Amino acid sequence: MNQSEPIIRFCGIEKRYGAFTALKSVNLEIFKGELFGFLGPNGAGKTTLIRILTGIIQPSGGQIFIGPYDLFSQPDKAKAMLGYVPDRPYLYEKLTPLEYFEFMGGLYNVALERILSKGEEMLRMFDLWDRRNELIESFSHGMKQKVAMCAAILHDPEIFVVDEPTVGLDPRSVKLAKNFFKQLVANGKTVFLTTHTLSVAQDLCHRLAIIRQGDIVALGTMNELQKRASMSDSNLEDVFLKITEEELEQQTNIL
Amino acid sequence: MNSLQLVSPAFKKFRRVFSHRNRKVLAFLLLGSFFTAALIYYGLYRFLEYVGRAPMLGDTFGPVLGALLVSKLLEMLFLTLFFMVLFSSVIAALSSFFLNEELPTLMSSPLPIGLIFRSRLLLMTIESSWMVLVFFMPALFAFATALNANWPAYLIFPFFLLFFVMLPNLAGGFTALALAAFFPIRQMKKVFQFLSILVLTGLIFFLRSLEAEKLLNPSYFKDISQYILSLELPLISYSPSSWLHKASMNLFHNNTGEALLQIAPLAICSVLGIFLLNLFAGRFYRQSWQLSMEAVDNQVLGLEWLRRVIVWPLRYFDPVFRVIANKEVTTFVRDPAVFSQIFMMVAIVFVYGYNLSILPLKDIPSLYSGELNDTLVFLNGPFIGFIVASIGMRFVFPSISMEGRAFWAVKSSPVSPRKILFTKLFLYLVPMVFLGIVLCMVTNSVFKVSHPILLYLSFFNVILITLVITSLAIGVGAVYADFSAESPLKIAGSYGGFIYMLLSGFYIINLLALEVYPMYRLFFNRFYVVRGSSGIVLIAISAILLLACTAIWVYLPFRKGLDTIENYEPE
């Protein structure tokens, strides 16, 4: 991990929906080769931040740099560095997995040979090779999630952005996914993930951020978060609950 | 709790569609709809009134044959209506009984199965019948007026119609319940969507093959008595459409008592049908629903050869265009409900060409036929425009919505929304222009165009119209995109689809208005040689205005669609 080289920089990212503020000036740096976990209770703003990072929605203010590129002024170059797996794997249902890979690969200008070889490798890894000629519409949630994961890696992105990667996956697939992320990081890639499965975050992530009501309330390694919560021997679940409850109390006191 | 309360979420959803629309636009649309309905009513009334008198058949035979003809037309309309409701009811039943998203919650609740079923039956009946009734009502009232019906007939007739649409809906309900016990539901829904299009296509050919225009031309008849006999025979005896036909004819002739007697079989069958279907559903509905949950989705990669043929040339294009085009073609070919629409479109195009080919231009004195021919050639472009617009509504307009919830994949990719829209515009423009030109060539050959300028102008018009119509379909389709819609047919029949058709019509009127002066000069020049350059200047101004207007008509909807897509936030 190269701590000196941020590959993602969030600079004052805000998102408002009318009177409601989903993100309050988020500033965050993710470093190259890092496996970064982004945690928070429901409705805290995790998915909103990820959707802004992947260019799906526009922020109300702020900037994001992906590598040397400004996401909003050079979206094509910035987005080419990202591979994204959403929390709900809505895919083109009338295509087979291989046809879906061809479609996604084409959008990222990937050579057909690479799509086919990488696609086969990934489908075999996730035990979907035998179902390569079936339409995606017949797949379960977990299978679709795996197809989305395979498609996100086809263009060999520098950064892998994953929203709730373990939802709907069976235990074997969860293990496969975790190993897959570790392998990516070992190969010098960066992984930015959100999850509610705190054991997965604790197992995998080098650094973690906790967001609450649109604000980042804690940031650091597992040890740093334990210190921040004054719970040196506790697991991430206890630390998470302590920090988020503390924050809530503080806000209530202020009010 | 009653069945009505169970369908209230669907009504709320329907209300939400309109609640955030601009009030002025809604009022305008409402007025436009009333105006269109009034136009259909009055136009058809005048036509029926003329057919009823049939002056070309003489004073003796005219009114007798005319009355029979009007009656026959009404029977044909009821028969068409019956088949339309029957097929749409099977599709609606499969959706409402088995695929509705509220069903898992309802089925796991302690509500009695009969109550759940009745609520779904109500939803299905409304879904399958409302559009047919709304569109046919002005036409049916025109028949009532043409047959001199008194005002009570207008009040009673909707109840007759209610019994009439109940029967195909009940048949559809029985069919759907029975099918669910044996076949995978999603597959059956597609099969029925496919079949319904085939039946409608067949119906178009059947109605055209009756050659109604011959009925008004005495020279076609050899044996008048045979002809009268054939008119008096019902199209299908002892059928709901023949019962309704007899009852309606009595009602419109103000024999209300007789009409009520004639409608009795229909009413008895409807009430009995509701009772039997309820019994049947009480016994089998939950079982069928469970079977439908176990059934797998469509695994058949049908028409794979056609897909391969269409996508083969795409390999030579840029990768983004190739993959988007490839996906569009694949999705199109693999959805029977969508590609089967082509059959209906082919039937409409065929009937249009055939209608033109039998126009009695030869019967008109030669001095005027040239002018009439040229006027028809001039108006043919806009007519082709309407055909192309209706094809665009079914195939091009839903193309943005059909990206569905998977649109995040495109939005998060490096491909800009502008490129996506341009790719779709180009992709659909090619077949649309091709279709327009083929239609233009065929119809020009039918008309035997006398003036070369007219010939070029007809092609020029068709190219401009298809360009605007395709841009409108993509742009308006993006502005009114519904990414959660399941079927392109629903998207085509949506509020946005209506706006698209309205705007297509406005452009065609715009084009005609700007070409009226050059056309007038073209005709005028045949009789008088025009001196001076003022005419040329005005023609040049018309041409420049036409090109400028066309550019605006292409640009504005596209720009508006692009803005919407750029700001769209997928789920």
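Look at (1) of a type outside the set (Phe, Trp, Tyr); (2) surrounded by 17 or more Cβ atoms within 10 Å (Cβ to Cβ); (3) over 30 Å from A:ALA19 (Cα atoms) and you find that A:VAL162 fails only one, number (3).
Of the residues making up the range B:261-291, those that are touching a residue at least 60 places away in the same chain (Cβ under 8 Å) and closer than 22 Å to B:ILE156 by Cα are B:ILE263, B:LEU266, B:ALA267, B:CYS269, B:SER270, B:GLY273, B:ILE274.
What number of residues in the range A:68-80 are more than 9 Å from every other protein chain (Cβ to nearest Cβ) and surrounded by 17 or more Cβ atoms within 10 Å (Cβ to Cβ)? Qualifying residue count, the range A:68-80: 2.
For the range A:48-62, the candidate set comprises residues that are facing another protein chain (nearest Cβ under 10 Å) and hydroxyl-bearing (Ser, Thr, Tyr); within that set, the residue that is surrounded by the fewest Cβ atoms within 10 Å (Cβ to Cβ) is A:THR48.
Scan the range B:446-463 and give yes if some residue there is part of a helix (DSSP H, G or I), under 21 Å from the mean Cα position of the chain (by Cα) and at pLDDT below 95, otherwise no. Steps first, answer last, please.
Step one: list which residues in the range B:446-463 are part of a helix (DSSP H, G or I), which gives B:446-447, B:452-463.
The next check asks that each one be under 21 Å from the mean Cα position of the chain (by Cα); those that pass are none.
Checking the range B:446-463: not a single residue is part of a helix (DSSP H, G or I), under 21 Å from the mean Cα position of the chain (by Cα) and at pLDDT below 95.
With respect to the conditions (1) in contact (Cβ under 8 Å) with a residue 60 or more places away in the chain; (2) in contact with a His (Cβ under 8 Å, 6 or more places away or on another chain), A:ILE211 falls short on a single one, namely (2). Go through B:LEU562, B:LEU538, B:LEU556, B:LEU547 for me and flag whichever is among the aliphatic types (A, V, I, L, M) and surrounded by 15 or more Cβ atoms within 10 Å (Cβ to Cβ). Among B:LEU562, B:LEU538, B:LEU556, B:LEU547, only B:LEU562 is among the aliphatic types (A, V, I, L, M) and surrounded by 15 or more Cβ atoms within 10 Å (Cβ to Cβ). In this structure, A:PHE103 qualifies as within 10 Å of another protein chain (Cβ to nearest Cβ) and within 29 Å of A:PRO68 (Cα to Cα). State which residue is modelled with the highest pLDDT when the search covers only the range A:126-139 and only residues that are under 26 Å from the mean Cα position of the chain (by Cα), surrounded by fewer than 17 Cβ atoms within 10 Å (Cβ to Cβ) and away from chain B (no Cβ under 13 Å). Per the stated criteria, the residue is A:TRP129.
Taking the stated definitions as given, is B:PHE164 at pLDDT 85 or above, in the same structural domain as B:PHE47 (by TED's automatic domain parsing) and closer than 27 Å to B:PRO265 by Cβ? Yes. Within the set A:GLY119, A:GLY37, A:GLY83, A:GLY105, the sole residue that is among the small types (Gly, Ala, Ser), under 15 Å from A:ALA151 (Cβ atoms) and in contact with a strand residue (DSSP E or B) (Cβ under 6 Å, 6 or more places away or on another chain) turns out to be A:GLY83.
The set of residues in the range B:118-153 that are surrounded by 18 or more Cβ atoms within 10 Å (Cβ to Cβ) and part of a loop (DSSP other than H, G, I, E, B) comprises B:LEU147, B:ALA149. With respect to A:PRO157, determine if the residue is within 14 Å of chain B (Cβ to nearest Cβ) and in contact (Cβ under 8 Å) with a residue 60 or more places away in the chain. Criteria met by A:PRO157. So which of B:LEU79, B:LEU74, B:LEU48, B:LEU115 ends up being closer than 28 Å to B:PHE163 by Cβ, touching a residue at least 24 places away in the same chain (Cβ under 8 Å) and surrounded by fewer than 17 Cβ atoms within 10 Å (Cβ to Cβ)? Going through B:LEU79, B:LEU74, B:LEU48, B:LEU115 in turn, just one is closer than 28 Å to B:PHE163 by Cβ, touching a residue at least 24 places away in the same chain (Cβ under 8 Å) and surrounded by fewer than 17 Cβ atoms within 10 Å (Cβ to Cβ): B:LEU115.
Conditions (1) over 30 Å from B:PRO336 (Cα atoms); (2) among the aromatic types (Phe, Trp, Tyr); (3) part of a loop (DSSP other than H, G, I, E, B); (4) at pLDDT 80 or above, marked per residue:
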{"site": "B:ALA10", "(1), (2), (3), (4)": "no, no, no, no"}
{"site": "B:PHE28", "(1), (2), (3), (4)": "yes, yes, no, yes"}
{"site": "B:ILE40", "(1), (2), (3), (4)": "yes, no, no, yes"}
{"site": "B:ARG46", "(1), (2), (3), (4)": "yes, no, no, yes"}
{"site": "B:GLY62", "(1), (2), (3), (4)": "yes, no, no, no"}
{"site": "B:LEU68", "(1), (2), (3), (4)": "yes, no, no, yes"}
{"site": "B:GLU75", "(1), (2), (3), (4)": "yes, no, no, yes"}
{"site": "B:LEU86", "(1), (2), (3), (4)": "no, no, no, yes"}
{"site": "B:GLU101", "(1), (2), (3), (4)": "no, no, yes, no"}
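Of the candidates B:PHE434, B:PHE378, B:PHE426, the single residue that is modelled with pLDDT under 90, under 24 Å from B:TRP553 (Cα atoms) and more than 14 Å from chain A (Cβ to nearest Cβ) is B:PHE378.
The values are calculated or read from the model by the stated rules, or taken from the named source; none is laboratory data. Every value quoted in this text rests on a predicted model; they were computed, and no experiment measured them. Glycine also receives a Cβ, built like all others from the backbone with ideal geometry; neighbour counts cover every protein chain displayed.
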